[in-house]
Amino acid sequence: MKRWMDTTLSIEQRVKELLAAMTLDDKLAMMHGGTPDEKLGIPLLKLNDGPGGVTGPHEKVGTQLPAPIAMGAAFNQEAAFQYGEIIGKDARERGTSLLLGPTVNIARTPLNGRTFEGYGEDPMLSAVTGTAVIQGIQEQGVMACIKHYAANNQEADRMVQNSIIDERTLREIYLPAFEAAVKEGNAASVMASYNKINGAYGAENHHLLNQVLKENWEFDGFVVSDFLATQSTVMSIFAGLDYELTIPFKRYFGEPLKQAVASGQVPMEKIDDSAGRILRKMFSFGLFDQESYEAGSERKVYSKHDVEALLLAEQSIVLLKNDDSILPLAPVNSIAIIGQAAVNLIASGGGSAHVPYAGSVTPFQAIEHRAGPDGRVSYVPGTAPVPSGPSFIYPSPNAGNTIPAEAFENGLLMEAYDSADLSGEPVRTQTMEKLCLNWQFDGVPHTPSAKWTGTLIPKKTADYTFYVPASGGTRLYVDGELIIDNWNFQSLYQTGVKRLEAGSRVTMEVHYTSSSGEAAALPSITLEWYAGTDEALIEEAVKTATLADTAVVFVNDYMTENFDKPNLRLPGAQNQLIEAVAEANPNTIVVLNTGGPVEMPWVDKVKGVVEAWYPGQQGGEAIAKVLFGDTNPSGHLPISFPASSEKGPIVTKGQYPGIGLDTVYSEKLDVGYRWFAASGEKALFPFGHGLSYTSFSYGDLLTAQMEHAGIPFLRVTFEIRNEGEIYGHAVSQLYLSFPAAAGEPPVQLRSYTKVAVPAGQAVQAEMLLNPRAFSIWNTTSNKWVVPAGEFTILIGESSEQLVLQTTVIPSLELAQAVERCDSVIHGWKQVY
């Protein structure tokens, strides 16, 4: 038996034995996704994306869970652990050994296309949620790779953008969730981000990778680059990168690294350290000692976890507004369901966090079923399908509206050009049945521009709405008329309308140019249509709403990796639809199917607003259960909802998207609700906000110092009483106000608890604050310190609804213990 296969040896000894037997080629193969010598018996690391569930081909996808932002809204550590547990089980069934997720980046701007992929704007909430998810994943024997380290807070210029951020802000806002993931979640791996941080790329950032991660936090796992994020060989290996995650466009850790070792630029000790880090985790997770994952990866029938997915979705839905107790719905009333989202729910966001799933019950179907045989439920679309923007990795939610092959006379002729403006001779031509491409599939023109021409024969006479969602600029000509001009990539959501006669021969011409003006590495483009116009459909919706007791309008907004939102407005004619329906029916409720905040210019005209997020495969059922009161909503906002894109901490171009490639974090600590508290501005709906079908009162706030494992804690207790007539969950939040001299934001979340409270009864709630909760990062001493003075503890149900408060002065013992306290998650027990 090979010595490293001896399970009686320590992991460190097994790593040492195996490294001694490996050649340089074997070690380098491990460090960039290659295959070492089979005789060594080293299992191949099998990777899969998985921030919100296991992604992959449709036949091997995992459970489509609610988006991560929804888990932030659940404000529930146990639910987050279950979320990770399901992801881990799915990954294990599919043969995955290293899962690329979760994502714990802070939602600095709600325009970020990946807002839905993280847990919100607060570092404490992200740390607790992300750590529990990691523990759930890794308990299944699957390694988690926490991402994207660090300050990866926008998709605009994401591969080259430079986040300029001071050390205190970095430590207090953008790093705590990563620190907790490493120290308390024991994450096996950390993914370095694309962007630069203070001038150095994530995969070349010596300060973040070596000094902070590996030295300060004593991380013993391995660092992985994001796809294509490795920018160098020697600089990256010395900065602390261990594993280059590649697709066949760039490679720096293969032959170039071998040459660097041969020339003496990189010592073998660096190679052994990186390869050893990977092996250490592979041994720790038993990859050498268990049956191969191969058998599981070939299965065709997988666990779907429907019940768990439903419960998680129910916990995450947020009741934002409920005037006159318009909700829950009464089944005996007539209900008009309006909006394309009611039958075409966006269940999962786009990009590498997208989890495909087929067969979901739509919200309309679930509501119709819940209303029963005597229910009077009607449906109208309200608008044409909402433009969803370009697809990235997976087709857009409206891909079902792609113009089908049978509509074209002889397909479409594609001509690809080496110029950015279709000039010159085509370098490639190809006939295609239809236009629905993304980078994963054959037929994608990896050139700066391309053109498709063909003849369309519509089957019916109608006003047609056209869309061309793409990853670059587009133009659409119909019968020679330019009806969409997005050549300069002005908007993700442009549409064009053209009346077509049945049986007529209509010329189509589509132009595409890469957003960078260079050959597109990851292009996508789809040609979609819909027989109908917004104006006619809104008119139909108004008539339907007028005849109903209650109107429920479903609206959505698609978010995806690689593209930020242009603003916070609902795309298409959805705002006009809500305004028109609300004017026709005073009992109007809006259900938001979004990945983050949106503007609500109609909010004062409707009685109810529900945020359903991207709720996963059981989203339709979960929404119906909340609307009818079968489930008492208990979700709370993990991100502030501003009144508009101009209301918030990030409003200058220098802050976002940046000037040149520099994005300056000049708001410093005032991110999200911290800025609203500091400025005196009110959010449309504040961080932590969430209504219930019952109400809670609070009292008897007490504090006392206690000790655990030699570390002093502050114990905070208070009473929560359910003042209503139905069972509910109270999400109680503890905010801390620092002494003025500390220079901190006015309030900061430091703990929370989700407590079940029976109707008419009271329960005692407890929260624990360790020394880290009272500390700030001192840039002179480069350590955490507790500032002198009086702190205020505030308890409430949102950052703007704080009903209890008391003051405390941390003891000298507690202040001095901060250097011995290694826990980021203040007082939380780890979940097992």
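Throughout, read-outs are computed from the coordinates displayed, never taken from laboratory work. Owing to the predicted nature of the structure, the values given are computational and were not obtained by experimental measurement. Heads up, the Cβs are rebuilt from the backbone with ideal geometry, glycines too, and the neighbour counts pull from every protein chain shown.
Could you give the nm distance between label points at Thr807 and Gln576, where each point is 7 Å from its Cα heading toward the beta carbon?
Between Thr807 and Gln576, the label points sit 5.7 nm apart.
Between Glu218 and His369, what FRET efficiency follows from the Cβ-Cβ distance if R0 is 35 Å, with the result rounded to 0.05?
0.05
Take Arg499, project a point 7 Å from its Cα along the Cβ direction, then tell me which residues of the range 454-487 have their backbone nitrogen under 11 Å from it.
The answer is 462-464.
Calculate the dipole size of the range 399-531 relative to its Cα centre from +1 charges on Lys and Arg beta carbons and -1 charges on Asp and Glu beta carbons; express the result in debye to the nearest 20.
It comes to approximately 320 debye.
If you take every residue apart from Asp6 with its C-beta less than 11 Å away from the C-beta of Asp6, what net charge results, scoring Lys and Arg +1 and Asp and Glu -1?
Around Asp6, the surrounding residues sum to +1.
Hey, if you put +1 on the Cβ of every Lys and Arg and -1 on every Asp and Glu Cβ in the range 3-293, which of Ser263, Pro43, Val212 ends up farthest toward the positive end of that dipole?
Positive-end residue among those listed: Ser263.
For the chain, what is the Kirkwood hydrodynamic radius in Å, using each pair of distinct C-alpha atoms?
So the Kirkwood estimate lands at 28.0 Å.
With Cβ to Cβ distances under 9 Å as the rule, what net charge do the other residues near Val818 carry (K, R +1; D, E -1)?
Net local charge, Val818 excluded: +2.
Would you order Thr230, Thr429 from fewest to most other beta-carbon atoms within 10 Å of each residue's own beta-carbon?
Listing Thr230, Thr429 from fewest to most nearby Cβ atoms yields Thr429, Thr230.
If neighbour count is taken as other Cβ atoms inside 10 Å, put Thr780, Thr431, Thr544, Thr55 in order from fewest to most.
The most exposed by this proxy come first: Thr780, Thr431, Thr544, Thr55.
Give me the extension gain from Ala759 to Ser697: residue separation times 0.36 nm, minus the current Cα-Cα distance, reported in nm with one decimal.
Contour length minus Cα-Cα distance gives 21.1 nm.
What is the magnitude of the charge dipole of the range 696-819 about its Cα centre, with +1 placed on the Cβ of each Lys and Arg, -1 on the Cβ of each Asp and Glu, and no other charges, expressed in debye to the nearest 20?
So the dipole magnitude of the range 696-819 works out to roughly 300 debye.
List Met235, Met282, Met706 from most exposed to least, where exposure is judged by having the fewest other Cβ atoms within 10 Å.
Met706, Met235, Met282
Rounded to the nearest 0.05, what FRET efficiency is calculated for Lys459 and Asp549 with R0 set to 45 Å and r the Cβ-Cβ distance?
Between Lys459 and Asp549 the formula returns 0.75.
For the pair Asn488 and Ala330, how long in nm is the line joining their label points, each one 7 Å along Cα→Cβ?
Each label point lies 7 Å from its Cα, and together they span 5.5 nm.
Is any residue of the range 603-621 close enough, with backbone N under 17 Å, to a label point placed 7 angstrom from the Cα of Asp323 along the Cα-Cβ axis, and if so, which?
603-611
Place a +1 charge on the Cβ of each Lys and Arg in the chain and a -1 charge on the Cβ of each Asp and Glu, then give the dipole magnitude about the Cα centre in debye, rounded to the nearest 20.
In debye, rounded to 20, the chain gives about 720.
In nm, give the distance between the simple-model label positions of Leu24 and Glu723, each being 7 Å from the Cα along the Cα-to-Cβ direction.
Modelled inter-label distance: 7.4 nm.
Can you tell me the FRET efficiency between Ile164 and Leu413 if r is taken as the Cβ-Cβ distance and R0 is 41 Å, rounded to the nearest 0.05?
For Ile164 and Leu413, the calculated efficiency is 0.30.
Using the Cα centre of the chain as origin and beta-carbon charges of +1 (Lys, Arg) and -1 (Asp, Glu), tell me which of Val15, Leu287, Ile134 is placed farthest towards the positive end of the dipole.
The listed residue farthest towards the positive side: Val15.
Return the subset of Lys147/Lys281; Lys89/Lys214; Lys668/Lys754; Lys147/Lys183; Lys147/Lys565; Lys46/Lys565 for which the Cα-Cα distance in this structure is over 25 Å, preserving the input order.
Lys89/Lys214; Lys668/Lys754; Lys46/Lys565
Report the one residue of Thr233, Ile326, Thr495 whose Cα lies farthest in the direction of the positive end of the charge dipole of the chain (charges on C-beta: Lys and Arg +1, Asp and Glu -1; origin at the Cα centre).
Thr233
So, in Å, what gap is there between the alpha-carbon centers of the range 443-478 and the range 307-371?
So the two Cα centres are separated by 32 Å.
Highest first, please rank the peptides 625-634, 88-97 by the mean number of other Cβ atoms sitting within 10 Å of their residues.
Top of the packing list down: 88-97, 625-634.
Running Debye on the range 163-253 with equal point scatterers at the Cα sites and no solvent, what base-10 log of I(q)/I(0) appears at q = 0.14, 0.19 Å⁻¹?
Listed by q, the Debye log ratios stand at -0.46, -0.84.
How large is the convex hull of the Cα atoms of the range 399-531 per residue, expressed in Å³ as a whole number?
Output value, Cα hull per residue: 96 Å³.
Please report the net charge: other residues with Cβ closer than 10 Å to the Cβ of Thr717, K and R +1, D and E -1.
My count for the surroundings of Thr717 gives -2.
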